[in-house]
Amino acid sequence: MVTKQSILKKALEMANHNLYCVSANMLMTQPKAGKEADHAEYAAEAELLRAWLGELANADPVAKFERDLWDARDGYGNIEIITDRREEITKLQGEMSRLKKELAQIEEAAG
């Protein structure tokens, strides 16, 4: 399914790929000689895309957890924070399941 989040994730992957291509080191913190402008542009693009994904994720706890997983995979996040939040997400999913069941019961009674 195509969503705003999926489009931003693909764009972030591409920006990170481009940044890697013009970087002199694996951490992508140093530009190759002659590629300083490209490096700065791709780094800024990736940072902006991460911020936009963060804004989307803050509205949805499951999306926030998913973003934190991506950040950890890309070396920007803390895996301990993510594993602590796994329980929170499970509780939220359980609550949503319970609410959906209650809604179905109400609709059935009303119908």
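Quick notes
- Residue check, Glu45 loosely packed, with under 13 Cβ neighbours inside 10 Å, farther than 28 Å from Met96 by Cβ and acidic (Asp, Glu): no
- Take the conditions (1) modelled with pLDDT of 95 or more; (2) open to solvent by less than 80 Å² (accessible area, probe 1.4 Å); (3) over 21 Å from the mean Cα position of the chain (by Cα); Lys32 misses just one of them, which is (2).
- The set of residues from the range 13-29 being in contact (Cβ under 8 Å) with a residue 40 or more places away in the chain and open to solvent by 60 Å² or more (accessible area, probe 1.4 Å) comprises just one member, Leu27.
- Only one of the numbered conditions (1) open to solvent by 70 Å² or more (accessible area, probe 1.4 Å); (2) at pLDDT 80 or above is not met by Ala59, and that is (2).
- Members of the range 30-56 that are under 16 Å from Asp68 (Cα atoms) and touching a residue at least 12 places away in the same chain (Cβ under 8 Å): Ala46, Leu49, Arg50, Trp52, Leu53, Gly54, Leu56
- Among the residues of the range 68-91, those identified as open to solvent by 40 Å² or more (accessible area, probe 1.4 Å), modelled with pLDDT of 70 or more and of a type in the set (D, E, K, R) are Glu87, Glu88, Lys91.
The values are calculated or read from the model by the stated rules, or taken from the named source; none is laboratory data. Computed from a predicted model, the values in this text were never measured in an experiment. Don't worry about glycine lacking a Cβ; one is built from the backbone with ideal geometry, like all the others, and counts go over all protein chains shown. Remember, those area values only see protein heavy atoms, side chains included, never the ligands or the DNA or RNA. Shrake-Rupley method; radii C 1.70, N 1.55, O 1.52, S 1.80 Å.
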